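First comes the structure, then the notes that go with it.
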Amino acid sequence: TSKATIPFETRAQQAPCEVSKLLLKLMARKKSNLCVAVDVDQANDLIDLAKLLAPHICILKTHADLTKNFTGEISRQLHALAKQADFMVLEDRKFADIGNTVAKQYSGGCFEVSRWADLVTVHSLPGDGIVKALEEENAKIEEPRGCFLLAEMSSEGNLITTEYIKGSTQMASKFPKTVAGLVCQSLLLADQPGIVQLTPGVRRGEIKEDSLGQRWVTPEEAVIEKGGDVIVVGRGITGAKCPEKEAKLYQEELWAAYEKRIAI
Ligand code: BMP
C-alpha cells in the first residue's frame, strides 16, 4: 500500500529517522499538516508571526538569510517558542556544496543552524557527501536533527529531470536516519512511510503564479493529487490581512484533505 493512505500515527511507528517520527506524531496530535514559510524582512516580525501562527502549524520554515537582524538571540527565542508551542523549525537553507563546506555552514558561520533548526533542506546535486556531512554534524548534537532532500521544485522551467529525481530518491534511501523526507511535487518513495513529503507552491484562491516563476496549486490539489504530507504556504498566509485567521483556514482545509486522502 502507498504511504499516502496510511495515517500519520501509523507512519510514525515505521519511521527510521527520529525527527520524522517526532514530526509525524506531532502532526497527528496537533491535527496540522501546515508549514508556514515566514519569509519576512525583520526578525521581530518573524517572532511576532511565530507566536500568532503557533497553534496552527506543525513546522515554521525560515530563510534566516533573508531576514534582517536574525541574531543568535532570535534563533534562541524561536527554538524556545517551538518547544513551548509544539512545532518544529525548518531552516530552508538548501545547502548545495561539497560536504566539507556544508558541515561548516551548517554548524558554524553566522547562523549556527544546527543549534536551533530541527530540520534543514539540502540539494542532492553534490552527491552523498552532503548528507554524510550533516550526519556527522548531527552526531555531535543531543537533540534529534534531520533534513529534507530537494527532489523536485515548484518553479517554472527548473532543470530537474526524471533521472535526477531518481538519484535523489536513491540518496534518501541510503541515509534513513538523517533524511526525514523529500521536498517534491509528486508522490515519491510511496513504499517508505517514514519519508515525509514536503510540498511548497500552495495558495488558496485564483492566483496561480507570481512574476518570478513560482507556481501555486490549491491545498486540496497539493494533498490529494500531489501526495503532500506537509504543505508549505508562504505569501498566502503572511500576505493576508489577518495571518492568524488565514492560517486557521489553511489548517482546517489541509487537514480535511488529508482525512479525505486516508479514507480513499
Ligand atoms: P510562497 O507560498 O510565498 O510562494 O512561498 C513558498 C516557500 O517555499 C518559499 O519560502 C520558497 O523558498 C519555498 N520553496 C518553493 O516555493 N518551491 C520549492 O520548490 C522549494 C521551496 O523550498
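Some notes on this structure:
- When the solvent-accessible area of the chain is split by element, carbon and sulfur atoms take up 52 percent of it, the probe being 1.4 Å.
- GluC sites (Glu not before Pro) restricted to DSSP loop in the stretch 235-264 with at most 12 other C-beta within 10 Å: none
- For the stretch 113-234: relative contact order, % (alpha-carbon pairs under 8 angstrom, 6 or more apart): 22
- Equivalent ellipsoid of the chain: semi-axes from √(5λ) of the C-alpha gyration tensor, largest first, are 24, 23, 19 Å.
- Net charge dipole, the stretch 24-151: roughly 420 debye, given to the nearest 20, about the Cα centre with Cβ charges of +1 for Lys and Arg and -1 for Asp and Glu.
- 3J(HN,Hα) couplings calculated from phi for the stretch 126-134 with the Karplus curve 6.51 cos²θ - 1.76 cosθ + 1.60 (θ = phi - 60°) are, in sequence order, x, x, 3, x, 5, 6, 4, 4, 5 Hz; Gly and Pro show x.
- Top of GLN251, GLN185, GLN77 by mean-square fluctuation, Gaussian network on the chain, Cα under 10 Å: GLN77
- Under 5 Å from the amide H of GLY194 lies no amide H of any residue 5 or more positions distant or on a separate chain, with H modelled from the backbone and absent for Pro and chain starts.
- Rounded to the nearest whole Hz, the Karplus-based 3J(HN,Hα) values (6.51 cos²θ - 1.76 cosθ + 1.60, θ = phi - 60°) of the stretch 213-218 follow the sequence x, 5, 10, 10, 10, 6, with x at glycine and proline.
- 3J(HN,Hα) couplings calculated from phi for the stretch 168-178 with the Karplus curve 6.51 cos²θ - 1.76 cosθ + 1.60 (θ = phi - 60°) are, in sequence order, 5, 5, 5, 5, 4, 5, 6, 10, x, 7, 9 Hz; Gly and Pro show x.
- Amide H partners (placed H, <5 Å) of ARG93, local residues excluded: THR121
- Among the GluC sites (Glu not before Pro) in the stretch 117-168, those placed in a DSSP loop whose Cβ has at most 14 other Cβ atoms within 10 Å are GLU142, GLU156.
- Positive-end residue, the chain charge dipole about Cα centroid, Cβ charges, pick of GLY236, TYR106, LEU254: LEU254
- Sparsely packed trypsin sites (Lys or Arg not before Pro) within the stretch 130-225, loop by DSSP, other Cβ within 10 Å at most 13: LYS140, LYS208
- Counting only lysines at least 8 places from LYS140 when in the same chain, those with an alpha carbon closer than 27 Å to its own are LYS21, LYS25, LYS61, LYS83, LYS94, LYS104, LYS132, LYS174, LYS177.
- A 1.4 Å probe run over the protein chains yields, for the stretch 155-264, 49 Å² of accessible area per residue, whole-number rounding.
- The order of ILE207, ILE262, ILE74 by accessible area, most exposed first and with a 1.4 Å probe, is ILE207, ILE262, ILE74.
- Computed over the stretch 217-263: relative contact order in percent, which uses C-alpha pairs under 8 Å that are six or more apart: 50
- Normalised by the number of residues in the chain, the average gap of Cα pairs under 8 Å and 6 or more apart makes the relative contact order 22 percent.
- Convex hull of Cα atoms in the stretch 71-157, direction-averaged projection (nm²): 6.4
- Nonlocal amide H pairs with GLU209, under 5 Å, H built at 1.01 Å: TRP216
The values are calculated or read from the model by the stated rules, or taken from the named source; none is laboratory data. No experiment lies behind these values; they were computed from the predicted model shown. Every residue, glycine as well, gets a Cβ built from its backbone with ideal geometry; the counts of neighbours run over all protein chains shown. Side chains included, ligands, DNA and RNA excluded: accessible areas come from the protein's heavy atoms. Shrake-Rupley method; radii C 1.70, N 1.55, O 1.52, S 1.80 Å.
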